[in-house]
């Protein structure tokens, strides 16, 4: 099989698939308080359409799929969709990103369906701050969802992701570290990126991975790097000198990893994006709804991937904001 590569020689192996634009949170770095206009039902790809795109993508080189939203678990029958995806020959890993609010009710079925890994977005362990950031007073439900996940070791690892924002995140860094050392969670911080619908992002608001690492090392001593040999790994991973717990830093702004990016994204309305910050999309919905063959669909994906952007240019005068907010693109 011919590898799925772009014009810069990067092999593309990972695909984020957004299954809904809807979300039950209104995080300040993602969506306005009043929300955004939802896509119409006819605009959103059916599970059958999503499965077809996933199957064709895997047939030409995609190995890992992550389901995202919006909040993916607000869409009905997600476990059934996971079961369908698990049947795709060649798919090595299937994961999901969630805000965790519905995990207590759904963790069991997700595990039974064959979900491999999960990322839970959690930006604060303080109830008031959590409510301020998400505009929802639901921290307890997210923590209950994490506890529920621990009952299902087939979903491993459980990663907790926090957006790092200057003036907001510093005071809780060590609290999150203690959580990661106490539980079987991998704690990761993601630098604040310009993907908010309100466009309030400023470079000065970024709390960098290097700064976070320094906060942790001031308390615990030098962190020990974890190497995987995977050049497309987005996180700089570390454990502690005693080997208990893992933390990671995803630094797309201060230390871009565009040169080794292996990802593409499919929005809930069927638009293929080759970069999180892409200003152009490829309409796969139009392709599959025109009764095109799988070969045509595969060729369309290959052509889009070949034209994948070199880099995102954040902090450069050439940078252009994405034409959608994070909730519309898929996390």
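The values are calculated or read from the model by the stated rules, or taken from the named source; none is laboratory data. Only a predicted model underlies this, so the values are computations on that prediction, with no experimental measurement involved. We place every Cβ from the backbone using ideal geometry, glycine too, and count neighbours over all the protein chains shown.
Applying the criterion of being part of a loop (DSSP other than H, G, I, E, B) and without any contact (Cβ under 8 Å) to a residue 24 or more places away in the chain to the residues of the stretch 234-256, the residue that is nearest to the chain's Cα centre (by Cα) is 234.
Quick grid of which residues meet (1) closer than 30 Å to residue 29 by Cβ; (2) in a helix (DSSP H, G or I):
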site	(1), (2)
55	no, yes
81	yes, yes
91	no, no
95	yes, no
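Might you let me know whether the stretch 258-276 holds any residue that is under 26 Å from residue 167 (Cβ atoms) and either modelled with pLDDT of 95 or more or surrounded by 14 or more Cβ atoms within 10 Å (Cβ to Cβ) (or both)? Looking through the stretch 258-276, at least one residue is under 26 Å from residue 167 (Cβ atoms) and either modelled with pLDDT of 95 or more or surrounded by 14 or more Cβ atoms within 10 Å (Cβ to Cβ) (or both). Give the residue that is farthest from residue 30 (Cα to Cα), with candidates limited to residues of the stretch 257-270 that are assigned to a strand (DSSP E or B) and in contact with a helix residue (DSSP H, G or I) (Cβ under 7 Å, 6 or more places away or on another chain). So, considering only residues that are assigned to a strand (DSSP E or B) and in contact with a helix residue (DSSP H, G or I) (Cβ under 7 Å, 6 or more places away or on another chain), the one farthest from residue 30 (Cα to Cα) is 264.
When the stretch 132-170 is filtered for residues that are over 25 Å from residue 109 (Cα atoms) and in contact with a strand residue (DSSP E or B) (Cβ under 7 Å, 6 or more places away or on another chain), the ones remaining, listed by number, are 162, 163, 164, 166, 169. Screening the stretch 176-187 for residues that are in a helix (DSSP H, G or I) and touching a strand residue (DSSP E or B) at 6+ places or on another chain (Cβ under 6 Å) and picking the one that is modelled with the lowest pLDDT gives 180. All told, residue 100 falls short of being at pLDDT below 95, under 17 Å from the mean Cα position of the chain (by Cα) and surrounded by 22 or more Cβ atoms within 10 Å (Cβ to Cβ). In the stretch 27-45, what count of residues is obtained for those that are loosely packed, with under 13 Cβ neighbours inside 10 Å and without any contact (Cβ under 8 Å) to a residue 60 or more places away in the chain? Residues meeting the conditions: 5.
Summed over the stretch 282-311, the residues that are farther than 24 Å from residue 208 by Cβ, at pLDDT below 95 and either outside any loop (DSSP other than H, G, I, E, B) or under 21 Å from the mean Cα position of the chain (by Cα) (or both) give a count of 1. The condition of being in a strand (DSSP E or B), buried (at least 18 other Cβ atoms within 10 Å of the Cβ) and either modelled with pLDDT under 95 or touching a strand residue (DSSP E or B) at 6+ places or on another chain (Cβ under 9 Å) (or both) does not hold for residue 173.
Once the stretch 153-170 is narrowed to residues that are free of Cβ contacts under 8 Å to residues at least 60 places away in the same chain, more than 26 Å from residue 241 (Cβ to Cβ) and surrounded by 17 or more Cβ atoms within 10 Å (Cβ to Cβ), the residue that is farthest from the chain's Cα centre (by Cα) is 168. When the stretch 257-270 is filtered for residues that are closer than 23 Å to residue 210 by Cβ and touching a residue at least 40 places away in the same chain (Cβ under 8 Å), the ones remaining, listed by number, are 258, 259, 260, 261. When residues in the stretch 119-142 are screened for being buried (at least 16 other Cβ atoms within 10 Å of the Cβ) and either over 27 Å from residue 211 (Cβ atoms) or free of Cβ contacts under 8 Å to residues at least 24 places away in the same chain (or both), 5 of them pass.
Return the residue satisfying two criteria in turn: it lies in the stretch 112-144 and is within 30 Å of residue 54 (Cβ to Cβ), within 19 Å of the chain's Cα centre (by Cα) and in a helix (DSSP H, G or I), and of such residues it is modelled with the highest pLDDT. So the residue we want is 142.
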